[in-house]
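What follows is a set of notes on a single structure, which appears directly below.
Read-outs: derived from the displayed coordinates by stated rules, not from any lab. All figures in this text were calculated on a predicted structure; none of them were measured in a lab. All Cβ positions, glycine included, derive from the backbone under ideal geometry; neighbour counts span all protein chains shown.
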Amino acid sequence: MDSTNVISWLISRWRIGALIASGLAVACIYKVSTETEEQRAQKAKQKRENELSRVAKQISNYALDLHKRYPTGEIVISDDDLCKQLRKPHELVASALAMLLEQKQVQRAPLAGYWKLN
């Protein structure tokens, strides 16, 4: 089959493509409209947890990189500097640091707003 035959075949059957596309759109709308508030809340919670884990991993990787560059000293960084370095909102970085604190991967420094990266 050459290209002109393929194109003419597709043009003659455009209604089938439109029918399939509209069927997919209806299925997506149905799925979204039948989702309960509990399911939406569960999805949002799972998304938040995944994002926190991702940011915590970024913080850990950043700490490892700094320890490689400065192997003899302790690494202390402020919340704000970490937010700027990772380009993440302060609330998200603070939550990730709290999670890392529970896992004993960071410690609070004596200065308010500063963290010691283990």
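Side notes on the structure shown:
- Long-range lysine pairs (8 or more apart or interchain), the stretch 38-95, Cα under 17 Å: 5
- Relative pair counts by distance (%), Cα atoms of the chain, 5 Å bins: 2, 9, 14, 14, 9, 6, 6, 6, 6, 7, 7, 6, 4, 3, 1, 0
- Hits among aspartates and glutamates - C-alpha to C-alpha of residue 104 under 19 Å, sequence gap 8 or more where chains match: 49, 65, 74, 79
- Listed residues 73, 62, 6: farthest to the positive end of the dipole of the stretch 1-107 (Cβ charges): 6
- The residue 20 and residue 48 beta-carbon pair, evaluated with R₀ = 30 Å, returns a calculated FRET efficiency of approximately 0.25.
- Counting only Cβ charges, +1 for Lys and Arg and -1 for Asp and Glu, the dipole size of the stretch 37-117 around its Cα centre is about 260 debye.
- For the stretch 109-116, backbone phi angles converted through the Karplus equation (6.51, -1.76, 1.60; θ = phi - 60°) give residue-by-residue couplings of 7, x, 7, 5, x, 10, 10, 9 Hz, Gly and Pro being listed as x.
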